[in-house]
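> Before anything else, here's the structure in question.
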Amino acid sequence: MNEIQHSRKTNLFIILGSIFLTNAILAEIIGVKIFSAEKTLGFSPVNWTFFGEYVLDFNLTAGAVIWPIVFITTDIINEYFGKKGVRKISFITAGLITYVFLIISLVTVLVPADFWLDVNSQMPDGSSFNIDYAFNTIFRQGLGIILGSLTAFLLGQLIDVFVFQKLRAVTGPKMIWLRATGSTLVSQFIDSFVVLGIAFYLFGNWSISQIVAVGLINYVYKFSVAVLLTPVLYVAHGVIDRYLGKDLAEKMAKEASADRSFL
């Protein structure tokens, strides 16, 4: 591999890794906000009943909005850098997410400045407002949520790369949509339920039926968006292939598909 090809390969990994890392960390930070998908789009809540006990709407974490981008980026990294590339960026991201949670935990115990409390002491309607309490409530997350998020993230990534390479062994370089959709179908199912099971069943007080009900809502959304973003995957492949050149792109894809082990 000549110097130009090596440089392009390195640049590609840095760009894809940056997109992956940024969206994964951002999803963890903004995930504390729960929003109504129906009301955001101007519709009434669906009020679905699960198990005759729970009435659920499409109320999702804000992090779910960008989480499909993480899985699509995973598939692209998998296509050109294989299991080793996905594993490398996944563990780096998990380490940085842990760092983010640690720093947030530290800053929430800092004593707020009096003037900061004073200048932010009122709501627009004149009612009192405690900005320090709001800051801590928004950014501080429980141990269960942190452990659930990290476990689901790493397990989802490992399963995604494994299924992707197994499907690639069957499809060859063609049918990108099948291996991308197939790996996402499995990995996002695991991701959706593991985080809820750890955070709200092991560390919380949710029942199994509630975990299943809420998990299904999250899974339907994540998978649906990932499918809708499939054209983006093809566009990205086209841009990358032109950037790398046909010979280098094919060589990288062939090397990436050689390792089909789980770990």
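The values are calculated or read from the model by the stated rules, or taken from the named source; none is laboratory data. As the structure is a computational prediction, the values presented were derived from the model and not from experiment. Ideal geometry is used to build each Cβ from the backbone, glycine not excepted, and the neighbour counts take in all protein chains shown. All accessible areas refer to the heavy atoms of the entire protein, side chains included, with ligands and DNA or RNA removed. Shrake-Rupley method; radii C 1.70, N 1.55, O 1.52, S 1.80 Å.
> Considering 58, 71, which residue is buried (at least 18 other Cβ atoms within 10 Å of the Cβ), within 30 Å of residue 235 (Cα to Cα) and touching a strand residue (DSSP E or B) at 6+ places or on another chain (Cβ under 9 Å)?
Values: 71 fails: touching a strand residue (DSSP E or B) at 6+ places or on another chain (Cβ under 9 Å).
When all the criteria are applied, what remains is 58.
> So is residue 257 crowded, with 16+ Cβ neighbours inside 10 Å and of a type in the set (Gly, Ala, Ser) or not? Quick ask: steps written out before the conclusion?
Details: crowded, with 16+ Cβ neighbours inside 10 Å: yes; of a type in the set (Gly, Ala, Ser): yes.
Here the answer is yes, as residue 257 does meet what is asked.
For every residue, the table says whether it meets (1) open to solvent by less than 50 Å² (accessible area, probe 1.4 Å); (2) within 24 Å of residue 151 (Cβ to Cβ).
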site	(1), (2)
171	yes, no
198	yes, yes
205	no, yes
217	yes, yes
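> All but one of (1) under 22 Å from the mean Cα position of the chain (by Cα); (2) surrounded by 15 or more Cβ atoms within 10 Å (Cβ to Cβ); (3) under 30 Å from residue 255 (Cβ atoms) hold for residue 234; which doesn't?
Tallying (1) under 22 Å from the mean Cα position of the chain (by Cα); (2) surrounded by 15 or more Cβ atoms within 10 Å (Cβ to Cβ); (3) under 30 Å from residue 255 (Cβ atoms), residue 234 fails exactly one: (2).
> Among the residues that make up segment 122-132, is at least one of them part of a helix (DSSP H, G or I), open to solvent by less than 70 Å² (accessible area, probe 1.4 Å) and among the polar types (S, T, N, Q)?
Going through segment 122-132, the residues part of a helix (DSSP H, G or I) turn out to be 131-132.
Going one step further and asking which of them are open to solvent by less than 70 Å² (accessible area, probe 1.4 Å), we end up with 131-132.
Those left that are additionally among the polar types (S, T, N, Q): none.
There is no residue in segment 122-132 that is part of a helix (DSSP H, G or I), open to solvent by less than 70 Å² (accessible area, probe 1.4 Å) and among the polar types (S, T, N, Q).
> Further question on the same structure: Which condition number does residue 24 fail, the rest of (1) without any contact (Cβ under 8 Å) to a residue 60 or more places away in the chain; (2) among the small types (Gly, Ala, Ser); (3) open to solvent by less than 50 Å² (accessible area, probe 1.4 Å); (4) under 26 Å from residue 179 (Cβ atoms) being met?
(1)
> Looking at segment 235-250, which of its residues are in contact (Cβ under 8 Å) with a residue 24 or more places away in the chain and over 15 Å from residue 7 (Cα atoms)? Working first, answer last.
Of the residues in segment 235-250, the ones in contact (Cβ under 8 Å) with a residue 24 or more places away in the chain are 236-237, 240, 243-245, 248-250.
Hits for segment 235-250 are 236, 237, 250.
> If you go through segment 232-242 one residue at a time, do you hit one that is at pLDDT below 85 and assigned to a helix (DSSP H, G or I)?
Kept after step one, since they are at pLDDT below 85, are these residues of segment 232-242: none.
No, every residue in segment 232-242 fails to be at pLDDT below 85 and assigned to a helix (DSSP H, G or I).
> For segment 180-218, give me each residue that is in a loop (DSSP other than H, G, I, E, B) and not small (Gly, Ala, Ser).
Of segment 180-218, the ones in a loop (DSSP other than H, G, I, E, B) are 203-207.
Matches in segment 180-218: 203, 205, 206.
> In segment 120-155, which residue that is small (Gly, Ala, Ser) and in contact (Cβ under 8 Å) with a residue 60 or more places away in the chain is nearest to residue 234 (Cα to Cα)?
Taking the candidates together, the pick is 149.
The rows are residues; the columns are (1) over 30 Å from residue 254 (Cα atoms); (2) out of contact with any Leu (no Cβ under 6 Å at 6 or more places or on another chain).
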site	(1), (2)
170	no, yes
182	no, no
185	no, yes
189	no, yes
202	yes, yes
206	yes, yes
209	yes, yes
219	yes, yes
226	no, yes
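> Which one of these does residue 145 not meet: (1) modelled with pLDDT of 85 or more; (2) closer than 30 Å to residue 77 by Cα?
All conditions pass for residue 145, except number (1).
> Right, next: Give me the residue from segment 133-145 that is part of a helix (DSSP H, G or I) and open to solvent by 30 Å² or more (accessible area, probe 1.4 Å) and, out of that set, nearest to residue 81 (Cα to Cα). Give the steps one after another, and end with the answer.
Within segment 133-145, the subset part of a helix (DSSP H, G or I) is 133-139, 143-145.
The next check asks that each one be open to solvent by 30 Å² or more (accessible area, probe 1.4 Å); those that pass are 133, 135, 137-139, 143, 145.
On the way: 133: 44, 135: 40, 137: 39, 138: 37, 139: 34, 143: 33, 145: 31 Å.
Going through the qualifying residues, I end up with 145.
> Looking for whichever is basic (Lys, Arg), closer than 30 Å to residue 15 by Cβ, out of contact with any strand residue (DSSP E or B) (no Cβ under 8 Å at 6 or more places or on another chain) and free of Cβ contacts under 8 Å to residues at least 24 places away in the same chain here; the options are 83, 174. Which one fits?
Just a single option satisfies the conditions, and that option is 174.
> Return a yes/no flag: does segment 41-61 have any residue that is farther than 19 Å from residue 98 by Cα and among the charged types (D, E, K, R). Lay out the reasoning, then the answer.
Our first condition is that a residue be farther than 19 Å from residue 98 by Cα; within segment 41-61, this holds for 41-61.
Remaining after also requiring among the charged types (D, E, K, R): 53, 57.
Yes, some residue in segment 41-61 is farther than 19 Å from residue 98 by Cα and among the charged types (D, E, K, R).
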